[in-house]
Structures are given as C-alpha cells and as structure tokens.
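Quick notes on the structure that follows.
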Amino acid sequence: MTDTTLTLDRNISQPIVVRERKSGQYWLWLLLAGAYLALPTFGNEYWLNAIVVPFLILSLAGIGLNILTGYAGQTSLGSGGFMAVGAFATYAFLLHLQLTFPIALFLGGLIAALVGFLFGLPSAKIKGFYLMVTSLAAQFFLEWLFLKVPWFYNYSSSATISAPRLDTFGINLNNSLGKYYLVLTVVAVLTWVALNLVRSQTGRNWMAVRDMDTAAAVAGIRINHSKILAFAISSFYLGVAGALWTFAYLGSAGVQSFGLSRSFQILFIIIIGGLGSISGCFIGAAFISLLPLALDVIAQTLFAGRVDAGLLQNIQKAIFGALIIWFLIKEPDGMARLISSWRSRLSIWPLRF
Amino acid sequence: MTANSAGAGDQDAILRVRNISLSFQGIKAITDLSFNVRRREICALIGPNGAGKSSLLNVVNGVYTPDSGEIQYGNETFRRLKPLDAARRGIGRTFQNNALFKKMSVRDNIMTGLSRHSRTNFIEHALRLPRARREEADFTRRSESVLEFLDLRAHRHTPVGSLAYGVQKRVELGRALVSDPTLLLLDEPMAGMNAQEKAEMAAFIKDINQHLGITIVLIEHDVSVIMNLSDHVVVLDYGRKVGDGTPAEVRANPAVIAAYLGATH
C-alpha cells in the first residue's frame, strides 16, 4: 500500500538507498556486440552499405532533432539545412586543412552547432509555429548559401562535394566495412552521449521547458539557456549525420541531398519513433528506411509483371502513408511507447486477470 | 513564539511588500498594498475570489511586474524581479492549478527544483564525468528525502500527468521544497481536497515551517484550516488590505467580517 500515514518527526536529510533497474543495459550491450561482430560476418556488402549505414545515420539525425523537438519542445524544419552545414564544413576541413576524417567530422559538427546556436537565438522570443517558420527560413537560407557560394563545393562544376580521401590514423575507411565501422562507432558514441544528456539535469531542464516554460523559470531553470543549448547540441548531431551521409553513405553529395524533404523525413522519424525517446529514433529510422524496402519486396514477389510498375510504386507509397497514419492513431506517442507498453503487458501477462 | 501583527517597523521581516499596485489593461487587481512577513512565520492571505491574492504571489516571485511599489526580500529591494531571480534567491512557489511537468516522472519533476544548486555543465553531463555523477547522486538523494517526507515514494517513477490532483499538489510542493527555499509561496495548496487530505497537507506545511524553518505565505479559503495553521493573516478585498494581524485579531475585525468571513460561513 502507499501513503496515508503521517509522520511528523521525520528527518528530511536521512539517506535512502535506492536500487534502480538495470535490465535495459544488458540488452544494449548485446545489441552493440551483435552490430560489431555478427552483422559484418553474416550480412553482405549490399546490406551494410545500402541499408544498415543509412539507417544508422538517419537514426543519428533523428536523435539530433529529438533532442530539440522531443526533449526541449522546440519545433524545427531546419534539420536538412543543419545536416548540410555539417557536410560542407567537414568537407572544408578535409580539403583545406587536410585533417584526418574523425577530427574534421567533429569540427564540422561544431560548426553546425554554432550555426544552430545562431538560428536558435530567436527561440528566446518566439514559440511554436512561429519558431517553426524561422527554422524554415534557416533551411532555405542554408540551401541557398551552399548553392550560390561556389567556395563551399570547391568550385566544382556539379556543385557537389566528395571526400578527397577517407582514412584515419592509418586505417583505410574507403571500403564498405570500414565505412560501416566508422558510422557504427560514431553513432554508438553519440547515442551514449545523448542518453547521458537526457538523463541528466540538462535533459530534465529541457523537458521542463517543453512541458511548461513559465513553471520552469519559477522552479529555477534558465529557460533561454536551455533552449539555445538544445539548438546547438541538436545541430551538432545533425551536422555529424549530414557529414556521414555525404562521405560514408553517398560518397558525394550536393545540397539537394539536404533539402526540405530531408527535414520532413527526420521529423517523421521522430514522430513515428516517439518524441522524447532515444530508442524511438532507431525504431522510427528503421520504419522509414526498411518499410519501403519490405513493401517493395512484397509487391515484387506478389504482383511483378501483372501490375504496371509505376502504379505499383504509387500503391506502395499509399500503403506506407496509411501505415504511418494507422500507427499514429494507435499510439500517438510513437512506436517506442507502443513497444514499451507491450513489454510491460507481457511482464505481467499471466496475472492479467 | 506567539504570532503578532507585522508592523511597519518590524525588524525581523523577511519579506516587505510596499505600496504595490497592479492592474491589467486598466482594471485594478491590487491597490497600494503593504504588509510584512516575519521570518519563520506562516502567513495566510485570505479574501474572496478576485481579491488579488494570486496576483500578489505572482508579484512577489516576479511572474507579474507591478505598476508601482516595491518588494523587499531579505536585504534586497526590487522594483522588478524575474521568476528565475526569485527562484535563485530561495523563493519557492506552487500554483493554484498545478504547474507541473506532466510528461516527466514524479522524481524528475522534483529534481528540476534542484537546478539552482547545479554546479556542473552540459559537457560534464554528456560524458558522465565524476563531478556530474557525484552531483547526480547528491540530487537523487535529496529528491528521495523529499519523496519520503511527502509520502511520494510509491509514485517515484509515475508520470505526473496520470496522478490524482491531490497527489500532484504534493509533487508540486516537493519541487519547491527540494530547492531548499527560504520562503515558500503556496497558492491554495489544499484546493479540491477532502478533509483528510487537507489535514495531511496542513501537517506537511506545519512540519516544513517548524522543522525546516521555512517561512510560508499561503492562500487558502478554508477558514478553520487558516485559524489553526497560520501565525499571521492578511485579508484582501478588491485588491486592498482590509485586515492584518493574528488569526484572533482578524476574526474580531468588523471590516473583515463584512468583507469575507461573515459573507461565506
């Protein structure tokens, strides 16, 4: 039973030992070991390059936007733009300073964070839809910038950037396995950092600002500092994701790879996966990147040759959209919540009645 | 210690409200209001709905800026105060219609109240550096003490939005309490509660005041609760002060009876 007794002489400073459940960590390590050891052994090159690598990078971008929107409650449609900043900045560090890739990547992320910080400044004054409009302005401005200023793509005629070389500390990263390990390591480390952040006072401050910002100020939280920090850290993640997208997945890319549709894709990932959930970013990214492939496989095996290919493509898109709507009606808090409620139902399953 | 009326020359006052006036688009909410709150007392603000009680608390912790007048808190005098500055100076606050972070767990809600004591930065949080871990452990311990004190331990991991109203009131009190405040402003801490819940909440408030030495200013409608709980009562009506003194003095004041006590019960 809970509370009803009242003890007046309780000492408020007495220490209490609390045991937290740690079962989740066990699974995390298993998953990581599987990703490092089993996947490259059993998966083929196509799988790693065309499916797993983009899935991981999109998950990372999802974490970036989720920090801003899911945790700190600031809506943004500028994800694509910040990814572009990371990509072009990393390119500049690789090209002009001849830095090794991980360092260029980190610095590229920092430049994206700086740009995110600048575009986050208006959040001190404007909220909600109006803030979304300023993020849209950021998106369009950044797209324009990386198209109109040839310095960013080193005056190449195609207006695209591609990595001069991709090796680090003597390790060649140009083969598909090297790129996979690079992406996996970056995503694993940054996921760990994101989990640390959202479980710390920084993360609690973000969520407080998201849930009720006036109350947050009364509780002693620096609201503007919290918001702008979320913009900067979110943009760091998006910038790193953009650079990985360019150099570890596509090989070469132009600003078209980071347009508004990319921003929407990242937004869908976190809405489907779950706002305010780190694991949800992976679930959402898997949904967005794997479901179209699964639908494609199903459609090809069932209807290939009998239905017009163009029509089949459109039907797939319609089914994809309908599934998204169905999931969101079923569980507006996203698939991460859906799965955790299944799990808690399963854990008490025999005693349900 | 017996409570006594807070006169103008009161040396022991922690809070002095001086000639505060506040209006919303021409409509006067508070008119030239002054009173003092002594250190470690429980001061009750009473008055009919719309008398300006909540507005007054909002002025004291900086949510509203008064048209004129000033607030002296400790040794500092303010014409205008921001909520964050009030929180950092140790003014805790709860709201009439709970202002909690609904999607966060009870303990996370309480832990947000510790922000003003945080000495670590986000890089230390991101990398779980030793200082951040120590602070987190310390914050967890302090929050657990408050959870225990307010009998909230069973709800520790429950999202606040799914709790009963009365329990939410306790969580909000906990969030204010954990920050180790000097002054607590409680806006109708017993609203919507049954008799037993009210008695529990009154006991918590008394306990906080006596054992932790925290000065309390509260708004309450239940006259019997006020008479038992408070050392000092300030009566408002239409934004003006119509009574100020011990519960017994206020009860005997004809103006107060006319404005409030006689009218309701």
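Only residues that are out of contact with any Asp or Glu (no Cβ under 8 Å at 6 or more places or on another chain), surrounded by 24 or more Cβ atoms within 10 Å (Cβ to Cβ) and under 14 Å from B:Asp244 (Cβ atoms): list them for the stretch B:17-44, please.
Those that are out of contact with any Asp or Glu (no Cβ under 8 Å at 6 or more places or on another chain), surrounded by 24 or more Cβ atoms within 10 Å (Cβ to Cβ) and under 14 Å from B:Asp244 (Cβ atoms): B:Val17, B:Val37.
Can you tell me which residues in the stretch B:56-104 are acidic (Asp, Glu) and free of Cβ contacts under 8 Å to residues at least 24 places away in the same chain?
Matches in the stretch B:56-104: B:Glu76, B:Asp85.
Looking at the structure I just gave you, is A:Ile271 more than 10 Å from every other protein chain (Cβ to nearest Cβ), open to solvent by 10 Å² or more (accessible area, probe 1.4 Å) and over 19 Å from B:Val160 (Cβ atoms)?
yes
Specify which of the listed residues (A:Ala217, A:Ala230) is open to solvent by less than 20 Å² (accessible area, probe 1.4 Å), touching a Leu at 6+ places or on another chain (Cβ under 9 Å), within 8 Å of chain B (Cβ to nearest Cβ) and within 24 Å of B:Lys102 (Cβ to Cβ).
It is A:Ala217.
Scan A:Thr134, A:Thr185, A:Thr191 and give me the residue that is more than 14 Å from chain B (Cβ to nearest Cβ), surrounded by 15 or more Cβ atoms within 10 Å (Cβ to Cβ), among the β-branched types (Val, Ile, Thr) and assigned to a helix (DSSP H, G or I).
The conditions single out A:Thr134.
Assuming A:Ser176 fulfils every condition listed in (1) farther than 17 Å from A:Ser234 by Cβ; (2) without any contact (Cβ under 8 Å) to a residue 12 or more places away in the chain apart from one, which condition is it?
Here A:Ser176 meets the rest and fails (2).
Looking at the stretch A:107-132, which of its residues are aromatic (Phe, Trp, Tyr) and touching a residue at least 24 places away in the same chain (Cβ under 8 Å)?
A:Phe117, A:Phe119, A:Phe129
Are any residues in the stretch A:62-97 without any contact (Cβ under 8 Å) to a residue 40 or more places away in the chain and in a helix (DSSP H, G or I), and if so, which ones?
Those that are without any contact (Cβ under 8 Å) to a residue 40 or more places away in the chain and in a helix (DSSP H, G or I): A:Phe93, A:His96.
State whether one or more residues within the stretch B:49-56 are over 17 Å from B:Asp237 (Cα atoms), touching a strand residue (DSSP E or B) at 6+ places or on another chain (Cβ under 9 Å) and among the polar types (S, T, N, Q).
Checking the stretch B:49-56: not a single residue is over 17 Å from B:Asp237 (Cα atoms), touching a strand residue (DSSP E or B) at 6+ places or on another chain (Cβ under 9 Å) and among the polar types (S, T, N, Q).
Would you tally the residues in the stretch B:166-199 being part of a helix (DSSP H, G or I), more than 10 Å from every other protein chain (Cβ to nearest Cβ), at pLDDT 90 or above and open to solvent by less than 30 Å² (accessible area, probe 1.4 Å)?
Selection size over the stretch B:166-199: 5.
Which of the residues belonging to the stretch B:232-250 are touching a Pro at 6+ places or on another chain (Cβ under 8 Å) and within 15 Å of B:Ala29 (Cβ to Cβ)?
B:Asp237
Being surrounded by fewer than 24 Cβ atoms within 10 Å (Cβ to Cβ) and aliphatic (A, V, I, L, M) narrows it down to one of A:Leu60, A:Leu56, A:Leu68, A:Leu30, so name that one.
A:Leu30
Would you mind telling me which numbered condition in (1) more than 13 Å from chain A (Cβ to nearest Cβ); (2) surrounded by fewer than 21 Cβ atoms within 10 Å (Cβ to Cβ) B:Ser230 fails?
With respect to (1) more than 13 Å from chain A (Cβ to nearest Cβ); (2) surrounded by fewer than 21 Cβ atoms within 10 Å (Cβ to Cβ), B:Ser230 is out only on (2).
Name the residue that is modelled with the lowest pLDDT, counting only residues in the stretch B:1-15 that are open to solvent by less than 40 Å² (accessible area, probe 1.4 Å) and in contact with a strand residue (DSSP E or B) (Cβ under 6 Å, 6 or more places away or on another chain).
B:Ala3
Which of the residues that make up the stretch A:279-309 are open to solvent by 60 Å² or more (accessible area, probe 1.4 Å) and hydroxyl-bearing (Ser, Thr, Tyr)?
Within the stretch A:279-309, A:Ser279, A:Thr301 qualify.
Residues that are loosely packed, with under 15 Cβ neighbours inside 10 Å and more than 8 Å from chain A (Cβ to nearest Cβ): which helices (runs of 4 or more DSSP H) entirely in the stretch B:55-165 hold 3 or more of them?
In the stretch B:55-165, B:130-149 are the helices (runs of 4 or more DSSP H) which contain 3 or more residues that are loosely packed, with under 15 Cβ neighbours inside 10 Å and more than 8 Å from chain A (Cβ to nearest Cβ).
Under the condition of being assigned to a strand (DSSP E or B) and surrounded by fewer than 17 Cβ atoms within 10 Å (Cβ to Cβ), which residue from the stretch A:168-182 is farthest from the other protein chains (Cβ to nearest Cβ)?
Here the answer is A:Asn172.
Give the stretch A:84-99 a look and list any residue that's farther than 16 Å from A:Trp245 by Cα and crowded, with 16+ Cβ neighbours inside 10 Å, or say none.
Matches in the stretch A:84-99: A:Phe93, A:Leu99.
Quick check on A:Ser235: is it open to solvent by 10 Å² or more (accessible area, probe 1.4 Å) and touching a helix residue (DSSP H, G or I) at 6+ places or on another chain (Cβ under 9 Å)?
No: the conditions fail for A:Ser235.
Under the condition of being open to solvent by 70 Å² or more (accessible area, probe 1.4 Å) and β-branched (Val, Ile, Thr), which residue from the stretch A:315-332 is farthest from the chain's Cα centre (by Cα)?
For the stretch A:315-332, the residue satisfying everything is A:Ile315.
Among the numbered criteria (1) within 16 Å of A:Gly108 (Cβ to Cβ); (2) modelled with pLDDT of 95 or more; (3) more than 12 Å from the chain's Cα centre (by Cα); (4) not β-branched (Val, Ile, Thr), which single criterion is violated by A:Phe231?
(1)
Kindly indicate the residue of the stretch A:146-194 that is modelled with pLDDT under 90 and basic (Lys, Arg) and also farthest from A:Ala89 (Cα to Cα) among those meeting that condition.
Going through the qualifying residues, I end up with A:Lys179.
The values are calculated or read from the model by the stated rules, or taken from the named source; none is laboratory data. Here the structure is a predicted model, which means the values were calculated and not measured. Every residue, glycine as well, gets a Cβ built from its backbone with ideal geometry; the counts of neighbours run over all protein chains shown. Just the protein is used for accessible areas: all its heavy atoms, side chains included, with ligands, DNA and RNA removed. Shrake-Rupley method; radii C 1.70, N 1.55, O 1.52, S 1.80 Å.
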